[in-house]
Ligand SMILES: O=C(O)[C@H](O)COP(=O)(O)O
């Protein structure tokens, strides 16, 4: 009976539906107990992870029988994909299953930060009536700039267009004749990165963390964004310089920012100190892609891929 180890949280109904008949160990706390995880991996055929379990080096050494890794998400930066390939271990990301969740996060934070009206509950309840101070901006007519134009960015673009935004994107891996630039709801303006940064009222990042994207949006790039622009990073920490974002919000050059991902996760109190008292800032704990609905989809897709790999090969 194939043995499956699951080291981070997932939807238990998907385990019951897709992995019945397997010797399954579901312990979402294993990620924080490396010795227990290594012991559990002895004789394991499959491992299912989110983004915290580091599937490389010592872990792979501890799992000589591993045949498949299921990734409950799309980013693969916690997996040494080349080492897995060398060992004949298949890796299945949950491609497409959390696109909508991230797209809603981007649209939601863009509207929240442009409007700026939703943080006054205590003042209003206390009898202050800050109408002029809370006169914010509409999303309609603003230009959304997408850095990277893969599946999540495209879902974001579709929602943005429905809200009457203008949409531009930069993606060096997508040729000018790719049909993605001309979706049925209207054209996406194809831009180089400098032009995109200079013209976007809302700039949203949709790239993996690589040598080429680390530090992509630093102080210099932020200075070239229009005054009052909103920056959203629900992609990967390290693509954005967090201290530069904090400084630009304090100076008022940026009108708002939403950061869901960080150079160091979890963000500890020392690393988070840079954000203390910074205005117009939304910080969330790497949750843009994780909703109740996406957890169900991601878990089903991943468990199914693992089951098929173990039974149909
Ligand atoms: O890569 C992803 O899909 C997101 O970062 C979410 O990842 P998760 O599996 O850790 O929720």
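Would it be correct to say that residue 195 is surrounded by 14 or more Cβ atoms within 10 Å (Cβ to Cβ) and outside any loop (DSSP other than H, G, I, E, B)?
yes
Every residue in the range 276-296 that is under 16 Å from the mean Cα position of the chain (by Cα) and in a helix (DSSP H, G or I), please.
Within the range 276-296, 292, 293, 294, 295 meet the criteria.
Which of the residues that make up the range 215-238 are within 23 Å of residue 291 (Cβ to Cβ) and in contact (Cβ under 8 Å) with a residue 40 or more places away in the chain?
Passing the criteria: 230, 232, 234, 235, 236.
Only one residue in 245, 298 is outside the structural domain of residue 120 (by TED's automatic domain parsing) and in contact (Cβ under 8 Å) with a residue 12 or more places away in the chain. Which one?
298
Would you check which residues across the range 64-80 are surrounded by 15 or more Cβ atoms within 10 Å (Cβ to Cβ) and closer than 25 Å to residue 286 by Cβ and list them?
68, 69, 70, 71, 72, 73, 74, 75, 76, 78, 79, 80
Return the total of residues in the range 242-263 being within 16 Å of the ligand (Cβ to nearest atom), surrounded by fewer than 21 Cβ atoms within 10 Å (Cβ to Cβ) and outside any loop (DSSP other than H, G, I, E, B).
0
The values are calculated or read from the model by the stated rules, or taken from the named source; none is laboratory data. Bear in mind the structure is a predicted one, so any value in this text is a computation, not a measurement. Virtual Cβ from ideal backbone geometry, glycine too; neighbours counted across all protein chains shown.
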